[in-house]
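Chemist: Got a structure here, written out as structure tokens. Questions coming.
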Amino acid sequence: MATNTPITSTLTEEQKAVTGQALQDTLVDLIDLSLIAKQAHWNVVGRQFRSVHLELDELVAVSREFTDAAAERATAIGVSPDGRAETVAKTAHTKGFGEGWTDDADVVTSIVENLKAVIAGLRERIDTTEKADPVTQDLLIGFASKLEQLHWMWQAQVA
């Protein structure tokens with residue numbers, strides 16, 4: 001494991017610490033969200049199977065795109081991102097997803113709850129990065145905007 005710091009930051013150490021933690025927390029939440037959506041994608045059954053199955057792929061794609069953006073922003077400010085399975089399992093703020101075949105309505109409910117948890121974390125991190133790093137804050141605002149749109153669309157299925 002490398003102990004050197006080959007990437008330096010234009011942020012102060014305090015700004016880097018605050019921003020790095022916000023990005024790390026976002027990273028693990030998004031990784032887990034993509035895994036949850038993929039698990040649901042493989043196991044959804046029911047009358048709305050096809051539409052839910054396809055919407056889960058959209059959520060996986062968005063989550064993975066945002067995961068990469070968060071990790072690259074972390075590296076840009078000199079913070080090494082940690083997306084290892086062990087780290088995700090220990091630190092993600094998601095609600096998780098059960099095992100086995102899952103009825104489409106239950107999948108929708110689970111995805112709504114997981115999106116809600118991820119968005120809540122993003123909103124907290126938007127506040128904490130306001131002064132520490134407005135560039136990262138802007139990135140997190142973009143994530144929240146898209147995930148809130150998806151949250152609405154998922155809720156509309158069972159409204």
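Chemist: Just checking, does segment 64-71 include any residue being in contact with an Asp or Glu (Cβ under 8 Å, 6 or more places away or on another chain), at pLDDT 95 or above and open to solvent by less than 20 Å² (accessible area, probe 1.4 Å)?
Modeler: no
Chemist: If we scan segment 76-86, do we find a residue that is of a type outside the set (D, E, K, R), on the phi > 0 side of the Ramachandran plot, surrounded by 14 or more Cβ atoms within 10 Å (Cβ to Cβ) and outside any helix (DSSP H, G or I)?
Modeler: So far as segment 76-86 goes, yes, one or more of its residues are of a type outside the set (D, E, K, R), on the phi > 0 side of the Ramachandran plot, surrounded by 14 or more Cβ atoms within 10 Å (Cβ to Cβ) and outside any helix (DSSP H, G or I).
Chemist: Within the bounds of segment 15-37, is there any residue that is in contact with a strand residue (DSSP E or B) (Cβ under 8 Å, 6 or more places away or on another chain) and among the β-branched types (Val, Ile, Thr)?
Modeler: No.
Chemist: Taking only segment 1-21 into account, find how many residues are modelled with pLDDT of 95 or more, out of contact with any Asp or Glu (no Cβ under 8 Å at 6 or more places or on another chain) and aliphatic (A, V, I, L, M).
Modeler: Matching residues across segment 1-21 total 1.
Chemist: Looking at segment 118-132, is at least one residue under 19 Å from ARG64 (Cβ atoms), open to solvent by less than 80 Å² (accessible area, probe 1.4 Å) and of a type in the set (Val, Ile, Thr)?
Modeler: Within segment 118-132, one or more residues are under 19 Å from ARG64 (Cβ atoms), open to solvent by less than 80 Å² (accessible area, probe 1.4 Å) and of a type in the set (Val, Ile, Thr).
Chemist: Name every residue in segment 140-159 that is modelled with pLDDT under 95 and in contact with a helix residue (DSSP H, G or I) (Cβ under 9 Å, 6 or more places away or on another chain), in order of residue number.
Modeler: Selection gives GLN157, VAL158.
Chemist: Would you pick out the residues in segment 132-158 that are touching a residue at least 60 places away in the same chain (Cβ under 8 Å) and either assigned to a helix (DSSP H, G or I) or farther than 11 Å from THR19 by Cα (or both)?
Modeler: Within segment 132-158, ALA132, VAL135, THR136, LEU139, LEU140, PHE143, LYS146, LEU147, LEU150, MET153, TRP154, GLN157 meet the criteria.
The values are calculated or read from the model by the stated rules, or taken from the named source; none is laboratory data. Here the structure is a predicted model, which means the values were calculated and not measured. Glycine gets a Cβ as well: all are built from the backbone with ideal geometry, and neighbour counts include every protein chain shown. Keep in mind that these areas ignore ligands, DNA and RNA; they rest on the heavy atoms of the full protein, side chains included. Shrake-Rupley method; radii C 1.70, N 1.55, O 1.52, S 1.80 Å.
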